[in-house]
Amino acid sequence: MFTLRKEAAGTVQLPTLSENAFVRYFSFAALYFAQGIPQGLLLYALPAWMAMNGKTPVEIGSYLGIVTLPWSFKVVVAPLMDRFTYLPMGRRKPWILFGQAGLVANLIFLAFVKEPLDHLSVLMFIGFMTSLAGIFQDISIDSLAVDILPADQQARANGLMWGSKIVSVSATVAVTSWMIAHLGFLICMLILGSVVMVMMIIPLLLKERPGEKLFPWSAGQTSHEALKIQLHSWRSLFKSLLSVFILPVSLVMGIAAFSQCVGRGLIDAILPVFTVQQLGWTDTYYSNVFATTTLVAGILGMFVAGAMIDIFGKIRMMVLYALLLIALLLIMSFFTQYWTNKIFVIGFFVAFATLDAFMVIAIFAIAMQLCWKRVAATQFTLYMAISNLGLAAGAWLMGIMKTHFTWQYVFMIYLVFMAVVLISLRFIHFEKHQKGVEELERRYQESSGN
């Protein structure tokens with residue numbers, strides 16, 4: 001899979017990320033797995049633990065509002081990461097280490113909070129700081145993927161990354177309650193922090209490109225490739241971002257990502273209300289079905305989605321996924337007589353979660369391919385911010401639609417947004433966009449005198 005290389009000084013070095021596909025796939029999957037641990041803990045496991053111990057919905061809601069707040073800062077943090085770094089160690093590696101060190105430190109701090117349920121303000125503060133460290137890790141990993149991954153490996157890598165994160169979140173939720181009950185809060189947090197610390201070995205021991213420093217005190221120098229695409233002023237950063245984002249294909253991609261996420265947010269908001277209020281499921285049963293189907297979708301996404309996109313192409317597979325989702329929602333909408341059949345509804349859960357995960361992986365891969373490496377962190381984060389706005393809009397839309405339509409027609413609203421995605425895909429041409437990016441690069445080189 002890879003071979004060790006002997007450096008000039010006689011030390012044996014692992015292949016760099018830019019040199020070896022297996023190292024790239026393994027590293028990105030492992031880093032996303034590490035990212036899922038604090039998210040599973042903060043967003044799902046701890047709220048469930050708090051609810052089980054009698055905390056009110058207001059207290060739990062306040063906690064979630066605080067710990068999720070840093071994720072709205074991504075569009076502010078991303079330009080910092082495009083503008084500043086320690087280039088001798090790579091464009092993204094210093095930021096990855098910074099983010100992971102923050103995750104480890106905060107999980108350790110969290111472990112030593114005495115009686116955390118009686119000190120929710122402390123729990124919220126450390127949760128906030130953990131999420132803040134998490135966004136640094138998230139953005140830096142995504143932007144490293146844009147910098148390093150060849151276009152024909154982006155889909156498979158995104159499948160591994162997305163699937164690893166889902167598996168990590170699910171596993172964290174599954175084991176945290178047991179560990180807190182049997183080992184105690186302190187030991188549970190230390191174990192989770194230790195797992196993230198072990199994952200930190202990967203970016204510590206790997207270089208982005210040959211010749212770079214492994215550690216700040218190691219021998220090495222800035223690679224020509226990293227220096228070539230690094231921006232050195234805020235003006236050039238935001239000018240470059242605007243120039244690449246207003247390219248026609250980039251704008252169309254923004255529309256497609258937003259529309260897909262409006263539909264996804266709509267269904268995500270529909271399902272818990274529909275199953276509990278319309279079908280009479282308990283919230284526990286719904287949660288178990290949702291968790292299981294999400295885990296299945298994550299595993300399939302990890303091993304199937306990326307490979308299929310690599311073989312058949314990003315646009316072709318997105319069209320197929322969109323058509324299958326449209327067919328699935330038509331079946332759900334018209335076969336209302338089967339809504340009382342749990343197997344039918346659970347089948348819908350599995351099919352929707354899987355196809356939606358495959359669609360998200362394809363969108364991430366397309367977004368990566370459209371990024372200009374000079375502003376990769378900011379441009380990719382902007383696509384994700386647009387997607388998050390779509391999720392919020394879809395959730396809001398569910399309440400509006402349900403006041404005017406029956407569940408059958410609320411499900412059918414999803415078809416409108418999938419139709420927008422299908423229409424948008426007709427205008428996404430990678431070669432045309434690449435020529436536009438190359439022209440922007442040429443102009444930048446001329447204006448900077450390089």
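The values are calculated or read from the model by the stated rules, or taken from the named source; none is laboratory data. Being a predicted model, the structure only gives us computed values, none of them experimental. Quick reminder, even Gly has a Cβ in these numbers, built from the backbone with ideal geometry, and neighbours come from all protein chains shown.
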Checklist line | Any hit, segment 282-289, residues being free of Cβ contacts under 8 Å to residues at least 12 places away in the same chain and outside any helix (DSSP H, G or I) | finding: yes
Notebook entry, point to check: Taking the condition in the same structural domain as Leu247 (by TED's automatic domain parsing), surrounded by 17 or more Cβ atoms within 10 Å (Cβ to Cβ), more than 22 Å from Ala269 (Cβ to Cβ) and not β-branched (Val, Ile, Thr), does Leu382 pass?
Noted result: yes
Check: Is it true that Gly65 is more than 18 Å from the chain's Cα centre (by Cα), of a type outside the set (Ser, Thr, Tyr) and surrounded by fewer than 16 Cβ atoms within 10 Å (Cβ to Cβ)?
Finding: yes
Checklist line | Conditions (1) touching a Gly at 6+ places or on another chain (Cβ under 6 Å); (2) within 14 Å of Pro38 (Cβ to Cβ); (3) surrounded by fewer than 23 Cβ atoms within 10 Å (Cβ to Cβ): number failed by Phe136 | finding: (3)
Checklist line | Flag for Ile363 being crowded, with 19+ Cβ neighbours inside 10 Å, at pLDDT 90 or above and not acidic (Asp, Glu) | finding: yes
Notebook entry, point to check: From the set of residues in segment 342-359 that are free of Cβ contacts under 8 Å to residues at least 12 places away in the same chain and farther than 19 Å from Val273 by Cβ, which is surrounded by the most Cβ atoms within 10 Å (Cβ to Cβ)?
Noted result: Gly347
Checklist line | Check on Ile202, assigned to a helix (DSSP H, G or I) and either among the acidic types (Asp, Glu) or over 30 Å from Lys432 (Cβ atoms) (or both) | finding: yes
Check: Restricting attention to segment 215-228, does a residue exist that is buried (at least 19 other Cβ atoms within 10 Å of the Cβ), touching a Gly at 6+ places or on another chain (Cβ under 9 Å), assigned to a helix (DSSP H, G or I) and in contact (Cβ under 8 Å) with a residue 60 or more places away in the chain?
Finding: yes
Note to self: Looking at (1) of a type outside the set (Asp, Glu); (2) more than 24 Å from the chain's Cα centre (by Cα); (3) outside any helix (DSSP H, G or I), which one does Lys207 not meet, given that it meets all the others?
What the structure shows: (2)
Next item on the list: Considering every residue within segment 151-172, establish whether at least one is aromatic (Phe, Trp, Tyr) and over 29 Å from Leu227 (Cβ atoms).
Entry: yes
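Which of the helices (runs of 4 or more DSSP H) found entirely inside segment 29-129 contain at least 3 residues meeting this: under 26 Å from Gly159 (Cβ atoms), in contact with a helix residue (DSSP H, G or I) (Cβ under 9 Å, 6 or more places away or on another chain) and not small (Gly, Ala, Ser)?
Fully inside segment 29-129 and qualifying: 74-83, 93-111.
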Next item on the list: Report, by residue number, each residue of segment 309-323 that is loosely packed, with under 15 Cβ neighbours inside 10 Å and touching a residue at least 24 places away in the same chain (Cβ under 8 Å).
Entry: Leu323
